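To keep things clear, I will list the structure first and then write my remarks on it.
The values are calculated or read from the model by the stated rules, or taken from the named source; none is laboratory data. In this text the structure is predicted, and so the values were computed from the model without any measurement. Glycine also receives a Cβ, built like all others from the backbone with ideal geometry; neighbour counts cover every protein chain displayed. Please note that ligands, DNA and RNA were not included when accessible areas were found on the heavy atoms of the full protein model with its side chains. Shrake-Rupley method; radii C 1.70, N 1.55, O 1.52, S 1.80 Å.
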Amino acid sequence: MFRSSTEEVTIGNSSDIEQSFESPVDQPSTSLPPVRQSSRLSSPSCLHGSGGASCSSYPGSISDATPIGVFGAKPRDHNLSERRSVASFMFTSRSDSTARSSTPYLRKTPGSAAPATTSSSATFTQAASVIVAVVEGRGLARGEIGMASFSLKCPELVLSQFADTGTYAKVITKLHILMPLEIVMSDTTSERGQENKLYSLIMENFSSVSFTAIQRKYFNEKKGLEYIQQFCAAEFTTVLMEVQNKYYCLAAAAALLKYLEFLQKSIYAPKSLRVTFRGSEQTAMIDSASAINLELVINNRDHRSEHSLLGVLNYTKTPGGERRLRANILEPLADTDTINIRLDTVQELLEDEELFFGLKSAIAHFLDIDQLLSVLVQFPKQETMNVAEAKILQVIQLKQTLEMVEPLKVVLKNSRTALLKAYAASLEDYRFERILEEIKRVINDEAYGTKNSLNMRTQKCYAVRPNINEFLDIARRAYTEIVDDIAGLVNQIGEKYGIPLRTSFSTTRGFFMQMKLDGVALPDGQLPSEFIKVTKYKNNYSFTTLDLIKMNDRCDEALREIYHVSYVVICQLLSVVHEHIHCLYKLSDAVSMLDMLLSLAMACTVSEYVRPEFTDTLAIKQGRHPILERIAGQQPISNNTYISEAGNFVIITGPNMSGKSTYLKQVALCQIMAQIGSFVPAEYASFRIADQIFTRIGVDDDFETNSSTFMVEMKEISYIIHNASDRSLIIIDELGRGTSTEEGIGICHAICEYLLKLKAFTLFATHFLELCQLETLYSNVENQHMQVQHSRSGESARETVVYTYVLSRGCSGERSYGIRAAEMTAMSPSIIQEAKIIAAKINQKLWAKNYSDPATRQQRAVHNLATRLLQTARSSRLDQESLRLYLKGLKKQYEAEIQMARDTVEMNTEE
Ligand SMILES: Nc1ncnc2c1ncn2[C@@H]1O[C@H](COP(=O)(O)OP(=O)(O)OP(=O)(O)O)[C@@H](O)[C@H]1O
């Protein structure tokens with residue numbers, strides 16, 4: 001019944017979604033906050049509050065009485081792409097105002113002015129849609145940060161409040177994770193000439209994101225609390241207990257909601273939003289530089305998201321699932337129980353094929369529930385044709401979404417693990433059925449959403465059941481007649497000229513005619529003059545006639561009537577179901593989580609992963625680099641890792657290209673995978689939960705920019721030193737390469753000694769072999785190296801290096817590999833010879849410094865034995881025989897260390 005008489009279509013888009021009810025909050029014309037423009041604003045218009053001298057309300061503020069829009073500009077449709085430029089135009093301080101799209105992860109150092117962005121790279125489907133308000137405490141509360149964020153695609157207000165250091169690394173990291181479309185701050189932070197540090201850092205790190213300044217008075221915590229009481233849906237009101245004394249996030253919420261009200265031309269329904277508070281305690285922090293270094297969401301070389309950790313794990317089917325996976329990768333869990341619950345589910349999915357495939361097909365058909373909810377809980381202030389059309393589509397989508405709940409429940413019915421059972425229980429909510437019943441009373445059973453533009457139009461026309469509204473039925477009859485007339489007209493014209501015509505449809509042109517040129521003899525060799533607006537694409541002519549245009553106008557008129565009446569009927573329906581609609585939050589949560597867990601399970605079927613354990617040791621047997629595995633298409637060489645409190649600092653040496661950086665990243669990536677609840681690429685894996693993951697890895701090896709490279713690495717390392725804790729995982733690669741060898745060694749040595757005092761697990765790769773001496777000084781240091789082999793072949797019998805990528809105990813025996821690498825090039829032999837002599841002399845001097853004091857060595861041996869025995873007693877699960885062998889090995893190792901100490905005494909005496 002829903003087919004139109006004309007079948008030819010082109011695919012079109014559906015329009016924005018809005019709706020209209022009365023505003024539950026203050027009327028904007030009297031209460032909205034004037035906005036300050038900051039110094040770099042480019043728009044000169046007084047009406048836009050730009051700070052022109054003649055503007056009465058400046059500097060910065062826009063008079064409340066300004067007739068067009070309270071923020072001093074006419075509100076426009078909150079279409080995403082348009083929004084960015086609107087924001088730039090009206091409020092932002094961007095001097096460039098280029099309105100580039102926000103990058104998923106900017107390539108920046110925390111607190112540094114590092115260059116470049118990863119821009120176009122992302123194939124990741126998320127566009128920036130989050131508006132964030134940030135406020136900082138003053139006076140003694142400086143450093144206390146309140147944040148409130150709201151996605152235009154999901155009606156959730158997320159609050160957070162935390163203490164940050166002077167580098168504001170936490171704020172910057174959180175903002176990077178949110179991928180903001182726009183950042184809102186108080187005007188006092190950006191006053192010309194008095195910009196505060198947080199503002200400056202945000203400007204520096206988010207240069208492509210719109211910025212809006214709002215008067216400080218709108219960051220009002222009392223108002224914030226009131227708004228939350230007013231808008232928070234009943235099931236989320238426990239958040240009030242969490243935030244009632246968190247003044248800064250409440251203040252940010254007040255400013256943000258006020259701003260959104262203006263921006264969206266619409267108001268959120270009372271008790272309609274999900275409000276959550278996210279403290280930092282339950283998640284591990286990965287700073288933005290580390291996220292880039294580790295290629296969590298974007299590959300640094302080819303800038304493709306497929307070749308990132310997200311790409312490796314992303315088999316999600318829904319936008320919500322993908323968003324959740326991304327957020328988890330950037331901010332993994334830090335709570336063992338929650339991670340284990342997720343791992344149980346992944347394991348169940350892997351063991352139960354029926355559940356896996358059943359769930360996969362049940363999830364695959366869900367639309368973006370967050371987005372749907374976000375429009376359903378908004379009240380647009382006026383009805384337009386677009387608004388009406390969008391509302392009809394929303395109800396069709398709501399029906400489709402609710403129809404998918406039952407199949408999902410059926411699949412989850414026999415699940416065993418706690419999480420799946422919990423989701424199954426949450427879907428038992430009676431409201432799903434209630435809403436669906438109501439909808440089905442008004443909406444046709446067969447109504448569905450489709451991408452085909454003509455079909456979609458027909459679906460919308462006939463969405464409301466017949467006999468519900470008399471006028472609607474009449475308008476629909478009129479519409480059908482006109483469409484039939486159009487088909488008749490086209491046939492007539494075809495017969496008149498003896499040419500085969502088709503009726504086609506596109507959203508922009510409406511109905512038009514098309515003709516294939518192949519084998520068609522035109523009268524007089526050309527198109528009849530009656531045909532107008534002719535376009536040609538390949539072998540196809542498209543055109544229309546004046547009569548057809550008139551008929552299209554009549555068609556539109558009938559359609560307007562249909563949409564209007566349908567809109568009225570649907571608004572009545574929505575007012576009935578509105579109070580139950582918040583069960584969709586549960587559904588959205590369930591679908592996105594299930595989708596993410598399915599994706600993690602799917603990744604295990606593609607590659608061989610193992611379930612990780614959580615202990616006080618980082619132990620990985622035959623671990624592999626997950627991204628290298630994906631890119632290379634074959635298994636990379638695997639390696640073992642063992643870090644415990646007894647040996648929590650590993651120094652890794654080895655020549656260039658031997659695989660050090662790859663190994664370091666592999667460990668960090670496995671740790672992150674484990675902490676999001678994923679299996680890991682290894683034969684066995686045990687992790688100690690990390691509260692923070694730090695990396696200092698040179699992304700590129702641009703030796704031409706030595707000075708800036710050095711500054712960047714110093715900033716990164718000082719950030720690590722200031723923020724690392726005993727529970728952190730620290731990855732440092734090639735520190736000190738941007739300065740002289742002596743200085744580099746000195747800096748590395750001092751930094752190592754500082755980090756050695758922490759119980760953090762540290763992996764430190766270096767070319768400075770001198771640092772291996774730390775093992776003799778500190779009991780918790782362990783040397784490892786990347787093995788290489790040498791071979792001579794060919795007539796010249798030149799030595800070639802074979803990289804094994806295998807990690808072994810001890811310091812690398814490789815010397816002068818830089819010179820050997822140079823030897824392989826066309827460098828003159830005399831220069832190489834000279835270089836060898838000089839290097840040998842310098843080496844002799846450096847190695848002559850004897851770090852090893854026999855007493856320290858003995859102490860270290862005793863300490864090593866004691867801690868290993870303690871650890872074995874605490875957490876060993878070896879059987880009796882294995883334990884005996886292990887203890888025997890420990891004894892042997894202890895004896896060897898003591899013997900080495902004795903040898904040193906003898907050597908020193910002889911000297
Ligand atoms: N485990 C592995 N299995 C297979 N290939 C590997 C492995 N590790 C590294 N490689 C390959 O070797 C190349 C060099 O590795 P990597 O950059 O990690 O070496 P490096 O020792 O850090 O070098 P440099 O000291 O010059 O920075 C990588 O691009 C990768 O393709």
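Basic side chains Lys and Arg get +1 at the Cβ, acidic Asp and Glu get -1 at the Cβ, and with that the dipole of the range 467-577 about its Cα centre reaches some 460 debye. For the range 551-657, taking the reciprocal of the average inverse distance between every pair of different Cα atoms yields a Kirkwood hydrodynamic radius of 20.6 Å. Note on the range 367-408 and the range 245-289: Cα centroid distance 23 Å, given to the nearest whole angstrom. Relative contact order, whole percent, for the range 613-814 stands at 28, derived from Cα pairs under 8 Å and 6 or more residues apart.
Over the Cα atoms of the range 183-287, the radius of gyration divided by the Kirkwood radius equals 1.00; this is the Rg/Rh ratio. Remark: relative contact order (the range 418-543) = 15 percent; criterion is Cα-Cα distance under 8 angstrom and separation of 6 or more residues. The lysines whose alpha-carbon is closer than 17 Å to the alpha-carbon of residue 715, local same-chain residues fewer than 8 away aside, are 108, 170, 197. Ligands, DNA and RNA are left out, and with a 1.4 angstrom probe the accessible area of the range 333-390 is 40 Å² per residue. Dividing the mean sequence gap of close Cα pairs (under 8 Å, 6+ apart) by how many residues the range 572-718 holds gives a relative contact order of 31 percent.
Counting Cα-Cα pairs of the range 613-814 in 5 Å increments starting at 0 gives whole-percent bin shares of 1, 7, 15, 19, 20, 17, 11, 5, 2, 1, 0, 0. Each of 493, 507, 520 was placed along the dipole of the range 470-576 (beta-carbon charges, centred on the mean Cα), and the one lying farthest toward the positive end is 520. Shape of the range 470-576 from its Cα gyration tensor (a ≥ b ≥ c, root eigenvalues): rounded if a/c is under 1.5, otherwise prolate when a/b > b/c, or oblate? Prolate.
Within a straight-line Cα-Cα reach of under 21 Å, residue 409 can be paired with the following lysines, leaving aside sequence neighbours fewer than 8 residues apart in one chain: 317, 360, 399, 421, 440, 586. Protein heavy-atom surface of the range 605-698, 1.4 angstrom probe: 49% of the accessible area is carbon and sulfur, with nucleic acids and ligands not counted.
Note on residue 479: accessible area approximately 10 square angstrom, rounded to 10, probe 1.4 Å, nucleic acids and ligands left out.
Surface composition of the range 470-576: carbon and sulfur atoms hold 52% of the protein heavy-atom accessible area at a 1.4 Å probe.
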